[in-house]
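Report on the following structure.
The values are calculated or read from the model by the stated rules, or taken from the named source; none is laboratory data. Since the model is a prediction, treat every value here as computed from it, not as a measurement. Because the Cβ atoms are built from the backbone with ideal geometry, glycine has one as well, and the counts that use them run over all protein chains shown. The protein model used for the area step is the full one, side chains on, heavy atoms only, and it has no ligands, DNA or RNA in it. Shrake-Rupley method; radii C 1.70, N 1.55, O 1.52, S 1.80 Å.
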Amino acid sequence: MFRLFPKRERGEPRLPLVHADTPGQFLLRTMLLLTVFALTAWAFWANNERRLADLRASSAVWDEADLLADAQEKALRELVGAFREVHGLKLVIHVRRDTPELPNVDARTIFVGLCPAKGQAIVELPPLVRRAYGETLPQTLENDWLRPAMASGQWAEGLVRALKYLWDKLGEA
């Protein structure tokens with residue numbers, strides 16, 4: 001029968017994990033082995049962080065109407081990441097075929113819902129942002145930035161301008 005780990009007799013010495021002829025060679029080989037383990041752990045961690053960031057960004061921009069170009073969608077995902085990193089706020093953007101609906105959002109989420117076909121927009125801000133910048137900021141974003149841009153057919157540019165306006169407002173504090 002094949003044995004993967006043959007049994008050791010009581011007085012028999014254990015085989016070392018690192019084989020070396022001199023103490024310097026043992027130290028070098030041990031350090032190289034530890035370096036390989038550390039690099040493997042770091043690569044695993046970095047890959048998981050990148051995948052998690054991709055998942056967060058892809059779920060933050062939802063284009064049900066399929067109206068955004070790939071470059072526009074990528075730029076919006078980068079903006080979502082910037083809002084998270086700089087301001088600590090989660091930005092969720094939904095472009096819908098029908099009337100946009102407000103999902104359940106937490107106390108750190110900015111929600112922007114658009115229906116370009118109907119010219120409808122919903123902006124929901126976190127309570128802390130509402131208190132800091134006034135209750136009229138969502139209506140300003142909807143009425144002064146998003147709806148006129150949808151009426152002119154330039155809704156994607158209007159969305160970017162509205163988000164830049166919001167970015168500038170958040171940066172004033």
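On the phi > 0 side of the Ramachandran plot and either among the acidic types (Asp, Glu) or surrounded by fewer than 21 Cβ atoms within 10 Å (Cβ to Cβ) (or both), is that true of Gly119? I'd like the intermediate steps shown before the answer.
Details: on the phi > 0 side of the Ramachandran plot: yes; either among the acidic types (Asp, Glu) or surrounded by fewer than 21 Cβ atoms within 10 Å (Cβ to Cβ) (or both): yes.
So Gly119 passes the test.
Restrict the check to segment 123-130 and report whether at least one residue is part of a loop (DSSP other than H, G, I, E, B) and either open to solvent by 50 Å² or more (accessible area, probe 1.4 Å) or not small (Gly, Ala, Ser) (or both).
Kept after step one, since they are part of a loop (DSSP other than H, G, I, E, B), are these residues of segment 123-130: 125-126.
Next, only the ones that are either open to solvent by 50 Å² or more (accessible area, probe 1.4 Å) or not small (Gly, Ala, Ser) (or both) stay: 125-126.
Among the residues of segment 123-130, at least one is part of a loop (DSSP other than H, G, I, E, B) and either open to solvent by 50 Å² or more (accessible area, probe 1.4 Å) or not small (Gly, Ala, Ser) (or both), which makes the answer yes.
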Fill in the blank from the handout: Restricting segment 144-173 to residues that are open to solvent by 80 Å² or more (accessible area, probe 1.4 Å), assigned to a helix (DSSP H, G or I) and free of Cβ contacts under 8 Å to residues at least 12 places away in the same chain, the one farthest from Glu73 (Cα to Cα) turns out to be Glu172
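For segment 144-160, which residues satisfy the criterion of being within 15 Å of Gly113 (Cβ to Cβ) and over 25 Å from the mean Cα position of the chain (by Cα)? Explain how you work it out, then say what you get.
To start, the set of residues in segment 144-160 that are within 15 Å of Gly113 (Cβ to Cβ) comprises 145-147, 149-150, 155-156, 158-159.
Selection gives Trp145, Arg147, Ala149, Met150.
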Completion exercise
Out of (1) open to solvent by less than 80 Å² (accessible area, probe 1.4 Å); (2) more than 16 Å from Arg84 (Cα to Cα); (3) part of a loop (DSSP other than H, G, I, E, B), the one Val105 does not meet is (2)
Problem - Test for Leu141: is it touching a strand residue (DSSP E or B) at 6+ places or on another chain (Cβ under 7 Å), in contact (Cβ under 8 Å) with a residue 40 or more places away in the chain and either open to solvent by less than 20 Å² (accessible area, probe 1.4 Å) or not in a loop (DSSP other than H, G, I, E, B) (or both) - result: no
Practice task
Scan segment 49-56 and give yes if some residue there is open to solvent by 50 Å² or more (accessible area, probe 1.4 Å), touching a Lys or Arg at 6+ places or on another chain (Cβ under 8 Å) and charged (D, E, K, R), otherwise no.
Solution key: yes
Practice task
Answer yes or no: is there a residue in segment 56-78 that is hydrophobic (A, V, I, L, M, F, W, C), assigned to a helix (DSSP H, G or I) and farther than 30 Å from Gly113 by Cβ.
Solution key: no
